[in-house]
Structure formats: structure tokens, C-alpha cells
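The values are calculated or read from the model by the stated rules, or taken from the named source; none is laboratory data. Remember, predicted model here, so these are calculated numbers, not experimental data. With ideal geometry, Cβ positions are generated from the backbone for all residues, glycine too; neighbour counts draw on all protein chains shown. Please note that ligands, DNA and RNA were not included when accessible areas were found on the heavy atoms of the full protein model with its side chains. Shrake-Rupley method; radii C 1.70, N 1.55, O 1.52, S 1.80 Å.
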Amino acid sequence: MTEKIEELLIEVNNFSATSKDEIENFRIKYNGKKGVLNDFYDALKTVPNDQKKEFGQKVNSLKQAILAKLEDFKNASESSVVLEKEDLTRPAFPLDLGSRHPINLVKNRIIEIFKSIGFAVADGPEIEDDWHNFTALNLPEYHPARDMQDTFFIEQNPDILLRTHTSSVQIRYMEENQPPIRILSPGRVFRNEAVSSRSHCIFHQIEGLYIDEKVSFADLKQTIQFFTTELFGKSKIRMRPSYFPFTEPSAEIDVYWGLNSETDYRITKGTGWLEIMGCGMVDPAVLKNVNIDSEKYSGYAFGMGIERITMLLYQMSDIRMFFENDKRTLEQFKTL
């Protein structure tokens, strides 16, 4: 019988497994209730007294080998040793629930509002040429926006740059499409500005364009009125005369934020009014540059910074928070 134990001991030490089923079968065969070890324990009762010590030692050696082999299998499994039926494509645990970035939350909400009144989304490249970013938008060569201090130029002769606004998307769209045109152009833009709590060299814009027959400034105001009521829940707006090379006349849009809290006093500088966007009627020169008849068609354009709107909606005080990927900030938006 001791020879049988020696054979089993060699068998146990040489055993290897490629699946969980083989490991389980090994455990049942050697260490189960009806396994080999229990058979030897029962046989110990019939072994002559002068042989029990040696027999017991052999059985104990076999037991230790079995337990050691099972422990090795357990440690190997926990160390992610490849087993035949293991699904190695499963993600690790625990899995944290993610959330949309606050910039995307606000961008999607703005798009949703304008889509409800017929606007479609248009996209374009972030690396632009001089024509689409400046010249076609009625920005002459001497305009300060072309200065190296304001724009990230990649190449010169010809000028290749990181777009400074998403108006370039509007130019590309008008070159390929004739009115009626009603589009939104959201996306990242780049300007060589000092990074601070209120400004960044990378930010997001969303611009709108509507071109058709007999489009008037009254249409523009009604559109902005609808937008501010839907997004902010505030319908009182005002338009202040302004200047943009690609629109004429042009205006800055303020929404009456109110003075109901200390925060309201701070962000509106005690006036209750808050600037949210610029807008205006598309300059006929811009329409001419894209081969649209300015005698037949007119239109309006508007644009806003998504970071600014997001900071207002969520009362965030530092624009850098949008780019730092701090989980303490982003986890606040899991339920939104």
C-alpha cells in the first residue's frame, strides 16, 4: 500500500491543469469526501500496529502535497494565469460609473435647443488656412486678429494655423451649399492667450448661421430670445451695438441675470446684466466671397463660448477646471 502512496505522490507533484474544471476534478479525486485521502484514512484502521507510523507518515506526505498543489492553483488563478475558459476581455473591477464632461452637457443642450427650430450641425477642420479663417470672413491682412500674439500659426507662405473661431466652418459650408442655410458649428478653437481662471489658450465655441431670403435683424432677435429663455429660463435680453468684421450691424447680447444673491452681484458686477454672445447680420462682402447673391439673400450669425455658458450655469469660478480632469470636479456631473 505504501508503494501505491508513492505512485500517487509522484502523480500529484507532476499534475498540471489548463482549466478550472481540471482543477476541480483534481480536488474531488484526491481531497473530496470520497477521495483518495479518505480511502487511506479508512485503511489506516486495518494496518498492523507496527506499520501504522510509517503508513501514517506516507499518507500525511500525500496530503501535504495535495494541499500544496491546490494552493498553487489558487494563487495562480488570482495572479491571472491564463486558463482555457477564462474571459480575459472582461474589464477589471470595481468599475466606476463615468459621466459626460460639463462642456459636452452644455454643448448638447445648446444644439438640442437650436435643432428644435431647424438648425443642423456642421463640422470642419481645426487646422485651417488663411482664406477660411480670415480673408473670406472680411478680416483684412492688417487686422490684429492675424497677429502672431493672437493666433497659433503652424506654417507661413501659405499661412496654416489653428482656427481661432468656428466661423471657418460656416465659410466651408457656404462654399458647398446654396441658401437656405441654417447651421450650427460647435468645436474647439485656439488663441494665444495667457491661461488664467478666466481665459485659456484652448476653448470651445458654438456659432450659428442662417441665410435665406428676407432674413432680418428682427429674426435674429427672436431667435436669441427663444434661446435664452430655453437655456437660462430668463427671457429679458438687451442688444448693445458692437463691431465684428463679418457682420454689419453687429451687437453684443446681454441677458438679465438678476441680483438675487451675492454670486449674482459678483458675476454681473452689480448690474444684473451678463454678456453671453455676439451676433449680427452677415456682411454682404462675406456672402460675395462664397458666391452667394447678397442682393437676393441676407442672413444673421451668432457665436458664444461654451465654457462661459457652462461656468454661468454651474456657477464654476475657474475655466481651468474644464481641462484638468480632476475627478473631484467631474464626478459632480454623474447624475446629469
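Please compare each pair in Lys4/Lys34; Lys29/Lys53; Lys33/Lys53; Lys234/Lys327 to a cut-off of 20 Å on the Cα-Cα distance and tell me which ones are over it. Those over the limit are Lys29/Lys53; Lys33/Lys53; Lys234/Lys327. Considering only Cα atoms, the convex hull volume of the range 1-78 works out to 75 Å³ per residue.
Remark: the range 1-78 carries 68 Å² of accessible area per residue (probe radius 1.4 Å; ligands, DNA and RNA excluded). The phi torsions of the range 64-75, fed into the Karplus equation with coefficients 6.51, -1.76 and 1.60 and a -60° offset, translate into couplings of 4, 5, 4, 5, 5, 5, 5, 5, 4, 4, 5, 5 Hz, rounded to whole numbers, with Gly and Pro shown as x. Remark on the chain: ratio of C-alpha radius of gyration to 2.2 N^0.38 Å is 1.81. Phi angles across the range 288-305 convert, under the Karplus curve 6.51 cos²θ - 1.76 cosθ + 1.60 with θ = phi - 60°, into 3J(HN,Hα) values of 5, 5, 10, 6, 10, 5, 6, 6, 9, 10, 9, x, 10, 9, 8, x, 8, x Hz, Gly and Pro given as x. Candidate cross-link partners of Lys107 among the aspartates and glutamates, defined by an alpha-carbon separation under 16 Å and a same-chain spacing of 8 or more, comprise Asp123, Glu207, Glu230, Glu307. What number, in percent, do you get for the relative contact order of the range 1-78 if the mean sequence gap of Cα pairs under 8 Å and at least 6 apart is divided by its residue count? Contact order relative to length: 41 percent.
Exposed loop trypsin sites (Lys or Arg not before Pro) only (DSSP loop, at most 12 other Cβ atoms within 10 Å): please give the longest stretch of the chain free of them, not including the sites. Walk me through the numbers on the way to the answer.
Numbers: sites that count: Lys33, Lys34, Lys45, Lys85, Lys214, Lys269, Lys296, Lys334.
Of all site-free stretches, the longest is 86-213.
Amide H contacts for Asp159 (H built 1.01 Å from N in the peptide plane; partners 5 or more residues away or on another chain; cut-off under 5 Å): Asp130. Put simply, the amide H of Phe152, placed in the peptide plane, has neighbours under 5 Å in Leu162, Asn192, leaving out anything fewer than 5 places away on its chain. For Lys236, the lysines whose Cα comes closer than 21 Å to its Cα, not counting residues fewer than 8 places off in the same chain, are Lys221, Lys269. Counting only protein heavy atoms and using a 1.4 Å probe, the accessible area of Trp257 comes to about 30 Å².
3J(HN,Hα) along the range 114-129: 6, 4, 5, 10, x, 7, 10, 9, 10, 10, x, x, 7, 9, 10, 9 Hz, from the Karplus curve 6.51 cos²θ - 1.76 cosθ + 1.60 with θ = phi - 60°, whole Hz, x for Gly and Pro.
Around the amide H of His165, modelled in the peptide plane, lie the amide H atoms of Phe190, all under 5 Å away and 5 or more residues distant in sequence or on another chain.
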